[in-house]
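Right, one structure below, let's go through it.
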Amino acid sequence: MYKLLGKNNMNIFFLIFLPVFFYLGVEVLIHYNTHTICVFKLITGYECPGCGMTRAFSELFQFHFKEALELNPRIVIVAPLLIYIWISTLVREIKCKINNS
């Protein structure tokens, strides 16, 4: 395990801490940003299918599932998909480093 966290394996280190960076990014956007970050809404004035997703993730992090679902019902698809992509990428990188060692 120590070999996996060496100098040459920064991508694995980054992948391990990616959920922490994601959490911090969402919380900073929610609590310190007073304007929308949705490019579609900024240009057209209409909400896109992803509008409310950042706020939904913030609610999800606090285990407020009902509120997250109310903000954007697509959270039930996006959150598990992001977790799957993160875990599969992390496992693939670790297997690749083990096979190349």
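The values are calculated or read from the model by the stated rules, or taken from the named source; none is laboratory data. Note that the structure is a prediction, hence the values are computed from the model and not measured. All Cβ positions, even for glycine, are placed from backbone atoms using ideal geometry, and neighbour counts span all protein chains on display.
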(request) Taking the residues in the stretch 52-71 that are out of contact with any Asp or Glu (no Cβ under 6 Å at 6 or more places or on another chain) and surrounded by fewer than 18 Cβ atoms within 10 Å (Cβ to Cβ) as candidates, determine which candidate is nearest to L82 (Cα to Cα). (result) F61
(request) Kindly list the number of the only condition in (1) in a helix (DSSP H, G or I); (2) loosely packed, with under 12 Cβ neighbours inside 10 Å; (3) at pLDDT below 95 that fails for L81. (result) (3)
(request) Could you check, for the stretch 34-47, whether at least one of its residues is part of a helix (DSSP H, G or I) and in contact with a Cys (Cβ under 8 Å, 6 or more places away or on another chain)? (result) yes
